[in-house]
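Have a look at the structure below, then the notes.
The values are calculated or read from the model by the stated rules, or taken from the named source; none is laboratory data. Just so we're clear, the structure is a prediction, and the values are computed from it rather than from any experiment. Here the Cβ positions follow ideal geometry from the backbone for every residue, glycine too, while neighbour counts run over all protein chains shown. Each accessible area value is taken on the protein alone, full model and side chains, heavy atoms only, with ligands, DNA and RNA left out. Shrake-Rupley method; radii C 1.70, N 1.55, O 1.52, S 1.80 Å.
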Amino acid sequence: MPTRPFRSVLYIPGSNERALEKARNLPADAIIFDLEDAVAPDAKIGARTVLKAELDKGGYGNRAKIVRINGFDTAWGKDDVAAFVGADIDAILMPKVDSAAQLDELAELIPDVDLWAMMETPLGMLNAAEIAAHPRLKGFVMGTNDLAKELNTRFRADRLPMMGGLHLCLLAAKAHGVVIIDGVYNAFKDEEGLKVECDQGRDMGMDGKTLIHPAQLDIANTAFAPSDAEIDLARRQIAAFEDAEASGQGVAVVDGKIVENLHVVTAKGILAKADAIANMAG
């Protein structure tokens, strides 16, 4: 279980100086500085200069700083990478990753920076395990809008048509210790719909939610954080198991349910995540 929080991962256009400035004070766990979909073709080269200057100013605190580049099948992708070699960033996010070979090509161009992959194509879903196993890969971002387009699905609030792909990526991420961030919720004024989708993603095992508007931050931060009840139960499970071990027993009982070592591992992960969130706020 990753302890660094990625509850809320906010897209910010790399060309928008006002949004880049505002992002320094937003309660996002991570920012995706976007050079791809959020930037018009005629603004892409200038966006690199704008974003690099803002990153050089600093001020983004503990937030994870992730730059989404354009694909290598475009005129901008490799130059995007070159522009941020040595920059104060935590990761480079590659769009439409279909295979680990694409990450090999990216890795050669930028050393010492974590690689993240946009998972948004049918082939990417089928190759998720191979992609997650890449030695430099640290995170998946689900591109559910593009995936829906590729699958030709109809919108459903339960997202049933794309569950197969989401679960393939979840299994791959968990098998290889990779962070996995759920896709965006497009109706940014629909707070109830966002909450439902955040809760669904959290129940599935997602680590957080990508967001398109600052108004979505509080809902995502709440949904993907341990609740007070979960923290209380975790503490009681750990204490009960330690007492049981001290008396020579291998299991404990809390609230009428068996507590074994695997439950304690989960409980300690919950407390570690709660501490990490508290440190973000500090």
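A few remarks follow.
- Pairwise FRET efficiency - Asp203 versus Val253, Cβ, R0 = 22 Å, nearest 0.05: 0.30
- Each Lys or Arg adds one and each Asp or Glu subtracts one; over the other residues with Cβ under 12 Å from the Cβ of Ala148, this totals +1.
- Share of carbon and sulfur in the accessible area of segment 1-112 stands at 49%, probe radius 1.4 Å.
- Folded to 0 to 90 degrees: helix 100-109 orientation relative to the chain principal axis, Cα: 60
- When Cα Rg over 2.2 N^0.38 Å is calculated for this entry, the matching label among (1) 1.21; (2) 1.06; (3) 0.98 is (2).
- Between 0 and 90°, nearest 10: helix 228-246 axis offset from the chain longest Cα axis: 50
- Distance between segment 124-165 and segment 240-262 - C-alpha centres, whole angstrom: 39
- Adding -39500 (n - 2.57) for every DSSP H run of four residues or longer, then dividing by how many residues the chain holds, sets the calculated 222 nm ellipticity at -14000 deg cm²/dmol.
- For segment 59-187, averaging the sequence separation of C-alpha pairs within contact (under 8 Å, six or more residues apart) and dividing by the residue count gives a relative contact order of 20 percent.
- Å² per residue, accessible surface of segment 36-78 at 1.4 Å: 46
- Counting only aspartates and glutamates at least 8 places from Lys78 when in the same chain, those with an alpha carbon closer than 12 Å to its own are Glu105, Glu108.
- Rounded to the nearest 10 degrees, the angle from helix 191-204 to the longest Cα principal axis of the chain is 60 degrees.
- Segment 177-282, accessible surface, carbon-and-sulfur percent (1.4 angstrom probe): 52
- 24 Å Cα cut-off, lysine pairs counted over segment 157-275 (separation 8 or more, or different chains): 11
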